[in-house]
């Protein structure tokens, strides 16, 4: 493309626009960069979890991780500012919220059913012993992936130094948050359970039926999970609590962590299975303090919360 | 001088990326934040033409693809942002872009950039979402980017113009 506009030189003195040599771009450069992007995609897509780009991700993470941690720490005092300007109306709203939360907690007591059932199972003892063997590494969320990237992931400020490695379970006060995807020295990337690529083995607390929870890829008010039960005759009831089922090796998800509560049930004729919509207990829009489940006795750069509640 | 310009451009992208990941989620609507990296690329394209726009778009895209907490297939933002940089660079350059031109370029770039990113996701089956959700995210993203335009574009464009080698015609 030639630039032959008349009067160009006259106006140029007023507008320090692109220099003439920058106005054109060589088609070769554009083609090279497009091919480079496509190559990156191919390499990363074909590589899966052993992608040749993982070392690059880690290297970039080593630089950006601490920057995110520092920014988040600098911002934290200001995010609390809106709380200082609470009006009576918002206090009343809080009261309503707390009442709602109270009723939600009552429904969470449904987990008792799960625990009782668990004890009745002959594997109850080993499972309990297994569960006691875990500790928590506390961490804060310092970065949240943009929704424009359509993947629901967060950065936490604990990495290999804190004893964290991929495929560990991440929880918070309310329930299951996600699992660790990859780590750097000081940070880790966590895949949230609401991500569309996330699948969690779930168990309905009351009936002990097992199934799979798939994220919908939406984080806000519609942040729901779809529960698909393995046994097509089983029908979960509304308000049933769903907990993690747990994998054989204890990873990536440990068993018995509350995930959410069933809000509606529908049967899919085409796929001949029962599906339920599960509302997660965790508010993914306001994640802050989380805990990473690590084996007891893990050496860490911070105080580890042991299974008995003590700090180790 | 060339290194200095490169460093300044890289610093602008790095600051944009960190703010986008660590500050704006506190203000986000349903997790949708202004795409500051895209705004920096648009500013570079408008101020300095398609050459820098394309190269910086690719670099900023690779950074977005690799920096935590990204988990999508790498190269997707690189492709989207290099197109954005190219398009913004092709906008009429013989006069200072008017406010209307800048706003229209940002809106178009935001829409095109996020759409290309979403389309590659559909092709690669990577974190695929329904069309309704996709469209909602893209449109809210455009609004966010427009909202931040008056704050981000003027200083960043001024920076890129300032860094241009002196080319007074003798």
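Between residue B:162 and residue A:75, what is the FRET efficiency for a Förster distance of 22 Å, r being their Cβ-Cβ separation, to the nearest 0.05? Each step should come with its number before you reach the end.
Details: r = 28 Å, r/R0 = 1.29.
About 0.20, to the nearest 0.05.
Any chance you could run the full-extension gain for residue A:59 through residue A:288? It's 0.36 nm times the residue separation minus the Cα-Cα distance, nm to one decimal.
Stretched out fully, the residue A:59 to residue A:288 stretch lengthens by 79.9 nm.
Starting from the Cα of residue A:235, step 7 Å along the direction of its Cβ; do the same at residue A:173; then give the gap between the two resulting points in nm.
Simple spin-label model gives 3.8 nm for this pair.
Give me the base-10 log of I(q)/I(0) for the range B:3-101 at each q in 0.12, 0.21, 0.25 Å⁻¹, Debye formula, one uniform scatterer per Cα, rounded to two decimals.
Ignoring solvent entirely, the Cα scatterers give -0.39, -1.05, -1.27.
For residue A:264 and residue A:299, compute 0.36 nm times the residue count separating them, minus their Cα-Cα distance, and round to one decimal in nm.
Contour length minus Cα-Cα distance gives 8.3 nm.
List A:69, A:199, B:3 from most exposed to least, where exposure is judged by having the fewest other Cβ atoms within 10 Å.
The order, fewest Cβ neighbours first, is B:3, A:199, A:69.
Can you tell me the Rg and Dmax of the range A:22-72, counting just the alpha carbons, in angstroms?
15.7, 41
Per residue and in cubic angstrom, what volume does the convex hull of the Cα atoms of the range A:174-245 have?
109
Computed over the Cα atoms of the range B:101-170, what is the convex hull's projected area averaged over all directions, in nm²?
6.8
Hey, with R₀ at 25 Å, roughly what FRET efficiency would residue B:143 and residue B:119 work out to, going by the Cβ-Cβ distance, to 0.05?
Details: r = 21 Å, r/R0 = 0.82.
According to the calculation, E is roughly 0.75.
log₁₀ I(q)/I(0) of the range A:135-272 at q = 0.10, 0.11, 0.15, 0.18 Å⁻¹, via Debye over equal Cα point scatterers, no solvent, to two decimals?
-0.34, -0.41, -0.74, -1.02
Measuring from the lowest to the highest alpha carbon on each principal axis, how far does chain B reach, largest first, in angstroms?
57, 32, 31 Å, listed from the longest principal axis down.
Each value in this text was obtained by applying a stated rule to the coordinates, not by laboratory testing. Since the model is a prediction, treat every value here as computed from it, not as a measurement. In this analysis, Cβ positions are derived from the backbone assuming ideal geometry, glycine residues included, and neighbour counts consider all displayed protein chains.
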